[in-house]
Amino acid sequence: MAKQSIRILTSSRDRVGECPVWSVTEQALYWVDIEGCRIHRFDWASETQQTWYTSERVGCVALTDRREPRTLVAAMETGIFLLKLGESLDVDATLLAGVKHPTPNMRFNDGRCDAQGRFWVSSLCMDMSLAAPVGAVYCFDEAGLSEPQITGLVTPNGMGFSPDGGAYYLSDSHPTVQKIWVWDRDAQTGVLSQQRLFVDMLVLPGRPDGAAVDVDGCYWICANDAGLVHQFSAQGKLLKSVSVPVSKPAMCAFGGPNLDVLFVTTILPAGVLPEQTGLNGAVFAIDVGARGQPEPVFSCFSSFSLC
């Protein structure tokens, strides 16, 4: 069990902290609190945090190539939105693509951009007790929101791309599944093929949640309920497990000026009283001895009139 230097990034606490994204241009970290309907931004130089409230739950966000600062694409409950986060903490939201979920009570969950500027997003049923395999993965680009590329998911998470774009990773963190898969991928077209099991997390501590890939192609994934972040080789071999001081790490991302800080968002466990929150729901910055890749930005705006 590896123990690294851990810094508590902010004093705020999230109900469901997810989707940390480091902006190289802004030298700032964005992340979301899904159940709190909030987007946060932490400025590295000034060590200050801003928070914006949204009208819907935000499953994930991605950076964009827009010149305006603090402009994101976001996968929410009813579709993909362009969000402009104002200085006065107001949010200007423009719907880019609606979604027709197969059942009620669904939203988008994990997602990220590929190196070609496409936004890959996943969906789930918000009532986890149903274990409903109605979740899917979609790709959003100039043509709009695609038909489902992957179906039959309960709680999709762990999305990531290898450094050369030739491998696509995805997990299902629901207790009934707990698997991580990898697909071969045509980096230019985005076409997926040859799905295979990457890691069976049923035999390891924790459920597979959000993930990141480092410059060497190692896959890092939060082990929810186990207070760990696992590092796997590109061949699926467990290399090490890093301990975090809470039970429910949710998603990780590399960032910092040298891309050598692993940011980890966390979840407030159900039933925990406000006075018992402690470090649950905090964001951690951890030195794990690895470097990440610059986060790709969404650039597929050409068919939208807002450009």
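Every number in this text was worked out from the coordinates using simple rules, so none of it is lab data. Bear in mind that the values here come from a model prediction, so they are computed numbers and not experimental data. Because the Cβ atoms are built from the backbone with ideal geometry, glycine has one as well, and the counts that use them run over all protein chains shown.
Could you tell me what % of all Cα pairs in region 113-258 have separations over 28 Å?
Tail fraction, whole percent: 15.
Can you give the net charge of the other residues whose Cβ lies under 12 Å from the Cβ of ASP90, counting K and R as +1 and D and E as -1?
Here the charged neighbours net out to 0.
On a full-extension model of 0.36 nm per residue, what is the gain between GLN27 and SER129, subtracting their alpha-carbon distance, rounded to one decimal in nm?
My answer for the length gained is 32.8 nm.
Assuming a ≥ b ≥ c are the square roots of the Cα gyration tensor eigenvalues, decide whether region 88-181 counts as rounded (a/c under 1.5), prolate (otherwise, with a/b larger than b/c) or oblate.
oblate
Place +1 on the Cβ of every Lys and Arg and -1 on the Cβ of every Asp and Glu in region 65-221, take the dipole about the Cα centre, and give the residue among CYS113, VAL134, LEU170 whose Cα lies farthest towards its positive end.
VAL134
Return the Rg/Rh value of the chain, two decimal places, where both radii are evaluated on C-alpha atoms and Rh is the Kirkwood radius.
0.93
Under the rule of at least 5 residues apart or a separate chain, name every residue whose amide H is placed under 5 Å from the amide H of ARG57.
For ARG57, whose amide H was placed from the backbone, the distant partners under 5 Å are GLU77.
Going through region 7-53, which GluC sites (Glu not before Pro) have at most 12 other Cβ atoms within 10 Å and a DSSP loop state?
GLU47
Taking one equal scatterer on every alpha-carbon of region 1-85, how large is log10 of I(q)/I(0) by Debye at q = 0.16, 0.22, 0.23 1/Å?
Ignoring solvent entirely, the Cα scatterers give -0.62, -1.08, -1.16.
Residue-wise, which Karplus ³J(HN,Hα) couplings in Hz belong to region 160-166, taking 6.51 cos²θ - 1.76 cosθ + 1.60, θ = phi - 60°, and x for glycine or proline?
So the J values, rounded to whole Hz, are x, 10, 5, x, 8, x, x.
Suppose we flag trypsin sites (Lys or Arg not before Pro) only when DSSP calls them loop and at most 11 other Cβ atoms lie within 10 Å. Which is the longest uninterrupted stretch of the chain?
101-236
Multiplying the sequence separation of ASP216 and ARG7 by 0.36 nm and subtracting their Cα-Cα distance, what value in nm do you get?
Stretched fully, the ASP216-ARG7 segment lengthens by 72.8 nm.
Take the eigenvalues of the Cα gyration tensor for region 14-172, scale each by 5, and report the square roots as semi-axes in whole Å, largest first.
After scaling each eigenvalue by five and taking roots: 24, 18, 15 Å.
With θ taken as phi - 60° and the coefficients 6.51, -1.76 and 1.60, list the Karplus ³J(HN,Hα) couplings across region 30-40 in order, rounded to whole Hz; mark glycine and proline as x.
9, 7, 10, 10, 4, 6, x, 6, 10, 10, 10
Would you please give the FRET efficiency between THR103 and SER233, computed as 1/(1 + (r/R0)^6) with r the Cβ-Cβ distance and R0 = 45 Å, to the nearest 0.05?
0.75
Give me the dipole magnitude in Debye, nearest 20, for the chain about the Cα centre, with unit charges on the beta carbon: positive for Lys and Arg, negative for Asp and Glu.
Approximately 440 debye in magnitude.
To the nearest 20 Debye, how big is the dipole of region 197-307 about its Cα centre, given +1 on the beta carbon of each Lys and Arg and -1 on that of each Asp and Glu?
It comes to approximately 120 debye.
With label points built 7 Å along Cα→Cβ from the Cα atoms of THR51 and ASP65, find their separation and express it in nm.
The answer from the label model is 3.5 nm.
Using modelled amide H (1.01 Å from N, peptide plane; none on Pro or chain starts), what sits under 5 Å from the amide H of CYS125, excluding residues fewer than 5 places away?
VAL134, GLY135
Return the sequence-ordered ³J(HN,Hα) values of region 216-231 in whole Hz as given by the Karplus equation 6.51 cos²θ - 1.76 cosθ + 1.60 applied to θ = phi - 60°, using x for Gly and Pro.
Once θ is set to phi - 60°, the couplings for region 216-231 become 8, x, 6, 9, 10, 9, 6, 9, 4, 6, 10, x, 9, 10, 8, 10 Hz.
What Kirkwood hydrodynamic radius do you get for region 182-229 when you take the inverse of the mean 1/r over all pairs of distinct Cα atoms, in Å?
12.4
Would you pull out the residues with amide H under 5 Å of PHE298's amide H, same chain only if 5 or more places away, H placed 1.01 Å from N?
LEU63, THR64, ASP65
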